[in-house]
Amino acid sequence: MKTLLNLGIGLLAATSISAYAVTGPDSYELVQKGKYIATLGDCTACHTVPGKPLFSGGVAIETPFGELLGANITPDPATGIGRWNFEEFQNTMARGHARNGKQLYPAMPYAAYTKVTREDNMALWAYLRTIEPVHNEVETNQLPFPFNIRMSMRVWNWLNFTEGEFEPDAQKSEQWNRGAYLVQGLGHCGSCHTPKNLIGGDKSSETLKGGELQGWMAPNITGVAHVGLGDWSEDDIVQYLKTGANRYDIASGPMAEAVENSTQHWRDEDLMAVAVYLKDLDHEHDKPQPLAADEPAMTAGRGIYEDRCSGCHTPNGEGIPTLFPKLANAPLVNSREAVSMIRVVLAGNRAGTTDAAPTGPAMPSFAWNLSDENVADVLTYIRNSWGNAAPAVSASEVRKQRETLQDE
Ligand code: HEC
Ligand code: HEC
Ligand code: HEC
C-alpha cells in the first residue's frame, strides 16, 4: 500500500505543476533550477529571436534539407504551449513527440535531450510555466516537399534515434558522469561536433570527432592527441567555454554564439566536469601513418612548399611565433577534413588587418597562381610532414572550394 500511496503523491505533484502556475514552498527553488537547465540546454538559441520576447519563437534554423523555425514555447494557450501538460512536455524532450502526436523534426535536438532526467525536465517545465505568455503564431515547418511530410521522420527515428535517459557509468567518477550527462544531453554538443550521415543522423562510431556545418567545421573535441584536445589542459577547456578564448584558439561563428548564450553562464564545476569527460574520451588513438615522402604528390608538394611557402612558414614548418603559424604537428593541419586549410590557401587570410594591427602579417591568396592540383599537392605534403599525418587532399576538393569562394 505504501508504494502505491507514494506513487499517488508523486503523480499529484506532477499534475499540479503542469496544470497551474507553480506555487508552494519548493517552487522558487524548482523554478531557479529549471532556469539554469534552460541555460544548459541553450533553448534560447532556437526559440528566442534576438530583441524579441523570451522563447516566443521564430528563429530560422538552416538544415541541409531546408529551413525550420523554432517554435513559440511561452505559455500562450493559442500559439505557445499553454495548453500542454507535463507529460506532453516530457514526451517532447524524450521522444520528439509534440502534443497530439505531432512528430517533431530532429532540428529540435531531442536525440540529445532524450538523455535528460525526468526530474530535470520537471524543473525545466516549472520554469517554462513562469515565462511571460506571448501571442506569436509560428509555422515551424518551412521545408520543401518531400521533407515537409512529418511522417518521414518516423523512418528517420527508426534509423537514427535511440531513446533513453542517461545512465551513469559506475566505473567512472561522479564528476565524469556529470560531464557526460551535460555533453550528451542538455549541452547537445554532438549536434555540431559529431559527423552526420547522409540523412543528418549522428555517425555514432565517430561521436564528437568533428562535424561540418553550413560553412563551418566544428572540430574534434575528444581528448585525443594530434587532431583533438590532447594538448589542452582541463583549465584550457574551462577557460574557452567560459570566455570564448584561450591560448590555443578563439571561438567564432556558431561556437561564439554557444558560448555567449550558454556555456559562459554554466557553473565552474559543470564546466570542469565537461573538461574531465572530454579529456577522457578516445584516449586510445592510433595516429595514422603519414604518406611516404617519395609519393608523387609528396615530392610535387615539397617543391611548391619550398618555393612559395617556406619563406614565411620556415622550411621545417615550425613557423615564427606570433608572425607565421606553426604547421608542424598542428591540430588544424591534421584534421580529417581539409576544408579550412584549402580555404586559407585559396583566399588568404585578412585576419591581420584589425584596428590593433593594421599592417599585421597576412597569408597571401594563391588562387591566381596555383592550380587545383598544386594546392592539393602542397597541402598533402604539409599534412604528411614534420610529425603530421592526415588524408591526402584531392584536386577535386580544391575545385569545389574554389567554386564556392567564387560564389561568395
Ligand atoms: C538547435 C535548435 C533548438 C534548440 C537548442 C531547442 N529547440 Fe525546441 N524546437 C526547435 C525546433 C526547430 C522546433 C520545431 C520542430 C518542428 O516543428 O518539427 C522545436 C520545438 C520545440 C517544442 C514543441 C513546440 C510545439 O508547439 O510543438 C518544444 C516544447 C521545445 N522545442 C522545447 C525546447 C526546450 C525546452 C529547449 C531547451 C532545453 C529547446 N526546445 C531547445 C529547435 C530547438
Ligand atoms: C551550434 C553548433 C555547436 C554547438 C552546439 C557546440 N559547438 Fe563547439 N564548436 C562549434 C564550432 C563551429 C567550433 C569551431 C569554432 C571556430 O572555428 O572558432 C567549435 C569549437 C569548439 C571548441 C574548440 C576546439 C578547438 O580545437 O579549437 C571546443 C572546446 C568546443 N567547441 C566545445 C563544445 C562543447 C563542450 C559543446 C557543448 C556544450 C559545444 N562545443 C557545442 C560548434 C558548436
Ligand atoms: C608572406 C608570408 C606567407 C606565405 C608566403 C605563406 N603563408 Fe601561410 N600564413 C601566413 C600567415 C601570416 C598566416 C596566418 C594568417 C591568419 O591566421 O590570419 C598563414 C596561415 C596559413 C595556414 C593556416 C594555419 C593555421 O593554423 O591557422 C596555412 C594552412 C598556410 N598558411 C599554408 C600556407 C601555404 C600552403 C603556403 C604556400 C603555398 C603559405 N601558407 C604561404 C603567412 C604566409
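The values are calculated or read from the model by the stated rules, or taken from the named source; none is laboratory data. Owing to the predicted nature of the structure, the values given are computational and were not obtained by experimental measurement. Backbone-built Cβ (ideal geometry, glycine too); neighbour counts: all protein chains shown.
Mind checking which residues of the range 130-143 are within 28 Å of the chain's Cα centre (by Cα) and part of a loop (DSSP other than H, G, I, E, B)?
Step one: of the range 130-143, the residues within 28 Å of the chain's Cα centre (by Cα) are 131, 138-143.
Once the filter is applied, which keeps residues that are within 28 Å of the chain's Cα centre (by Cα) and part of a loop (DSSP other than H, G, I, E, B), the range 130-143 yields Ile131, Val138, Glu139, Thr140, Gln142, Leu143.
I'm checking my understanding of the structure. Among residues of the range 316-341 that are β-branched (Val, Ile, Thr) and surrounded by fewer than 16 Cβ atoms within 10 Å (Cβ to Cβ), which one is nearest to ligand 2 (Cβ to nearest atom)? Give the derivation first.
Restricting attention to the range 316-341, the residues satisfying the condition of being β-branched (Val, Ile, Thr) are 320, 322, 333, 339.
Among the residues that remain, those that are also surrounded by fewer than 16 Cβ atoms within 10 Å (Cβ to Cβ) are: 320, 322.
Values: Ile320: 21, Thr322: 18 Å.
Of everything passing the filter in the range 316-341, Thr322 is nearest to ligand 2 (Cβ to nearest atom).
For the range 105-119, which positions are part of a helix (DSSP H, G or I), of a type in the set (D, E, K, R) and touching a helix residue (DSSP H, G or I) at 6+ places or on another chain (Cβ under 8 Å)?
The first filter runs over the range 105-119 and keeps only residues part of a helix (DSSP H, G or I), leaving 110-113, 118-119.
The next check asks that each one be of a type in the set (D, E, K, R); those that pass are 118-119.
Hit for the range 105-119 is Arg118, nothing else.
Kindly indicate the residue of the range 14-56 that is surrounded by fewer than 13 Cβ atoms within 10 Å (Cβ to Cβ) and among the small types (Gly, Ala, Ser) and also modelled with the lowest pLDDT among those meeting that condition.
Result: Ala19.
Among the residues of the range 118-129, write down those that are touching a residue at least 24 places away in the same chain (Cβ under 8 Å) and exposed (fewer than 14 other Cβ atoms within 10 Å of the Cβ).
Arg118
What are the pairs, 6+ residues apart or on separate chains, where a residue within the range 291-310 that is on the phi < 0 side of the Ramachandran plot has its Cβ under 7 Å from a residue that is assigned to a helix (DSSP H, G or I) and aromatic (Phe, Trp, Tyr)?
Hits for this filter: Met298/Tyr381; Gly301/Tyr381; Arg302/Tyr381; Tyr305/Tyr381.
Looking only at residues in the range 243-263 that are touching a helix residue (DSSP H, G or I) at 6+ places or on another chain (Cβ under 6 Å) and either surrounded by fewer than 18 Cβ atoms within 10 Å (Cβ to Cβ) or not polar (S, T, N, Q) (or both), which one is modelled with the lowest pLDDT?
In this case the residue turns out to be Ala251.
Do we have Gly80 as in a loop (DSSP other than H, G, I, E, B), buried (at least 17 other Cβ atoms within 10 Å of the Cβ), of a type in the set (Gly, Ala, Ser) and outside the structural domain of Asp202 (by TED's automatic domain parsing) here? Talk me through it step by step, then tell me what you get.
Details: in a loop (DSSP other than H, G, I, E, B): yes; buried (at least 17 other Cβ atoms within 10 Å of the Cβ): yes; of a type in the set (Gly, Ala, Ser): yes; outside the structural domain of Asp202 (by TED's automatic domain parsing): yes.
So Gly80 passes the test.
Being assigned to a helix (DSSP H, G or I) and within 16 Å of Leu229 (Cβ to Cβ) is the filter here; which residues of the range 193-209 pass it?
Filtering the range 193-209 for residues assigned to a helix (DSSP H, G or I) gives 193, 204-206.
Within the range 193-209, His193, Glu206 qualify.
Identify all residues within the range 83-94 that are of a type in the set (A, V, I, L, M) and either surrounded by 21 or more Cβ atoms within 10 Å (Cβ to Cβ) or within 16 Å of ligand 3 (Cβ to nearest atom) (or both); write none if there are none.
Filtering the range 83-94 for residues of a type in the set (A, V, I, L, M) gives 93-94.
Passing the criteria: only Met93.
Among (1) outside the structural domain of Tyr28 (by TED's automatic domain parsing); (2) out of contact with any helix residue (DSSP H, G or I) (no Cβ under 8 Å at 6 or more places or on another chain), which single condition is Asn100 missing?
Evaluating Asn100 over (1) outside the structural domain of Tyr28 (by TED's automatic domain parsing); (2) out of contact with any helix residue (DSSP H, G or I) (no Cβ under 8 Å at 6 or more places or on another chain) leaves (1) as the failure.
Restricting attention to the range 376-386, and to residues there that are in contact with a Pro (Cβ under 9 Å, 6 or more places away or on another chain) and assigned to a loop (DSSP other than H, G, I, E, B), which single residue is nearest to ligand 1 (Cβ to nearest atom)? Break it down into steps so the answer makes sense when it comes.
So in the range 376-386, the residues in contact with a Pro (Cβ under 9 Å, 6 or more places away or on another chain) come out as 377, 380, 383-385.
Those still in the list that are assigned to a loop (DSSP other than H, G, I, E, B) too: 383-385.
Numbers: Arg383: 32, Asn384: 37, Ser385: 39 Å.
The qualifying residue nearest to ligand 1 (Cβ to nearest atom) is Arg383.
Mind counting the residues in the range 387-408 that are crowded, with 17+ Cβ neighbours inside 10 Å and not in a helix (DSSP H, G or I)?
Qualifying residue count, the range 387-408: 5.
Out of everything in the range 342-362 that is within 16 Å of ligand 2 (Cβ to nearest atom) and under 30 Å from Pro290 (Cα atoms), what residue ends up being modelled with the highest pLDDT?
Across the range 342-362, the extreme among qualifying residues is Ile342.
Let's see how each residue does on (1) within 16 Å of ligand 1 (Cβ to nearest atom); (2) touching a His at 6+ places or on another chain (Cβ under 8 Å); (3) more than 18 Å from Ala112 (Cα to Cα):
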residue: Gly190; (1), (2), (3): yes, no, no
residue: Ser233; (1), (2), (3): no, no, yes
residue: Gly253; (1), (2), (3): yes, no, yes
residue: Glu269; (1), (2), (3): no, no, yes
residue: Leu291; (1), (2), (3): no, no, yes
residue: Glu295; (1), (2), (3): no, no, yes
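From the residues in the range 90-104 that are assigned to a helix (DSSP H, G or I) and more than 15 Å from Glu163 (Cα to Cα), which one is farthest from the chain's Cα centre (by Cα)? Outline the logic, then answer.
In the first step, residues of the range 90-104 are kept if they are assigned to a helix (DSSP H, G or I); the result is 90-95, 99-101.
Now narrow it down to the ones that are more than 15 Å from Glu163 (Cα to Cα): 99-101.
Working: Arg99: 27, Asn100: 30, Gly101: 28 Å.
Among those residues, the one meeting the criterion is Asn100.
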